[in-house]
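Okay, so here's the structure we're looking at.
Taken together, the values in this text are just the output of simple stated rules run on the coordinates, not laboratory data. Quick caveat: nothing in here was measured; it's all calculated off a predicted structure. When we count neighbours, we look across all protein chains shown, and the Cβ atoms used for this are built from the backbone with ideal geometry, even at glycine.
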Amino acid sequence: MIITDFDIIDKSNLTRQYYFYNQIGQKKVFALKDNIYLINPKINVFAFDIMLKPLDIINIFKHCDVIVEAFDKAEMKQMIIETALTKMPDKPLVTGLGIAGWGDNNSIKTRKIDNLYICGDEKTEVSENFPPLAPRVGIVANMQANTVLEILLNN
Amino acid sequence: MKIILNNRQEEFNYNTISISKLLEIKKFTFKMLVIKINGNLIKKEARETTYIQDGDNVIVLHLISGG
């Protein structure tokens with residue numbers, strides 16, 4: 001498993017991301033690696049502290065079976081989708097799109113366009129009135145994970 | 001012409017239109033879009049000069065922040 005991120009843990013992340021209070025201020029990739037090892041020390045985790053650019057995506061993920069996108073900014077989502085579609089069209093990319101707010105379970109869905117899998121409601125953008133909250137973020141994250149299993153087990 | 005737009009059939013009173021014109025007609029004013037025609041990605045710079053023909057399969061994906 002390869003994980004990449006450039007961010008550090010902020011208190012506001014704790015409501016929905018798998019970190020703990022004493023990890024505030026740590027680099028997310030390394031803290032996540034620690035937490036994965038606490039669950040299962042036998043998993044091979046490679047953590048890269050990097051802000052991804054197109055060339056990095058190609059180099060880092062070229063041997064992965066599936067890429068999972070969990071960016072927050074739309075610009076970064078566009079960058080990874082365009083890179084995957086043009087430079088690695090055979091690689092499945094599972095993306096999360098539209099996770100903000102609360103309720104409205106039935107608006108969250110999955111659809112597939114070639115090797116791009118989209119999980120989310122495709123409409124709710126994070127804003128002051130639509131914060132990213134654990135339930136919908138978690139639902140979409142689990143749908144992404146479920147999609148990954150489907151891709152891997154069907155191959 | 002008839003095209004498939006986001007998996008739905010749509011009809012336009014033109015023989016061909018640019019991507020930019022399609023976005024204008026459909027009022028797709030969103031800043032971050034990923035556009036594919038028949039499976040090929042169309043970059044933002046090419047929207048003015050890329051034309052859609054009868055029978056094309058067009059995907060316009062709206063990219064929204066949050067994760």
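Just a few scattered comments:
- Tail fraction, Cα-Cα pairs, the stretch B:2-62, threshold 15 Å, whole percent: 42
- Nearest-20 debye value, the stretch B:2-62 charge dipole, Cβ charges on Lys, Arg, Asp, Glu: 260
- Across the options A:PHE61, A:ILE43, A:LEU85, the greatest Cα extent toward the positive end of the charge dipole of chain A (unit charges at beta carbon of Lys, Arg, Asp, Glu) belongs to A:ILE43.
- Between B:TYR51 and A:LEU55, the FRET efficiency estimated from the beta carbon spacing at R0 = 35 angstrom works out to 0.65.
- Inter-label distance for A:PHE130 and B:ASN38, nm, one decimal - labels placed 7 Å from Cα along Cα-to-Cβ: 3.5
- Label positions at A:PHE6 and B:SER20, each projected 7 Å from the Cα along the C-beta direction, are separated by 3.1 nm.
- The mean count of C-beta atoms from other chains within 10 Å of the C-beta of residues in B:55-65, rounded to a whole number, is 6.
- Cα gyration tensor, chain A - rounded (a/c under 1.5), prolate or oblate: rounded
- Across A:LYS87/B:LYS21; A:LYS91/B:LYS31; A:LYS11/A:LYS77; A:LYS87/A:LYS112; A:LYS27/B:LYS31; A:LYS73/B:LYS31, pairs whose alpha-carbon gap is larger than 22 Å: A:LYS87/B:LYS21; A:LYS91/B:LYS31; A:LYS11/A:LYS77; A:LYS27/B:LYS31
- For chain B, with +1 on Lys and Arg beta carbons and -1 on Asp and Glu, the positive-most of B:THR50, B:GLY66, B:ASN40 along the dipole: B:GLY66
- Each Lys and Arg contributes +1 and each Asp and Glu -1, all at the Cβ; summed about the Cα centre of chain A, the dipole is approximately 260 debye.
- Distance in nm between pseudo-label sites at A:LYS42 and A:LEU152 (7 Å out along the Cβ direction from Cα): 1.4
- Residue by residue along A:93-100, Cβ atoms of other protein chains within 10 Å of the local Cβ number 3 on average.
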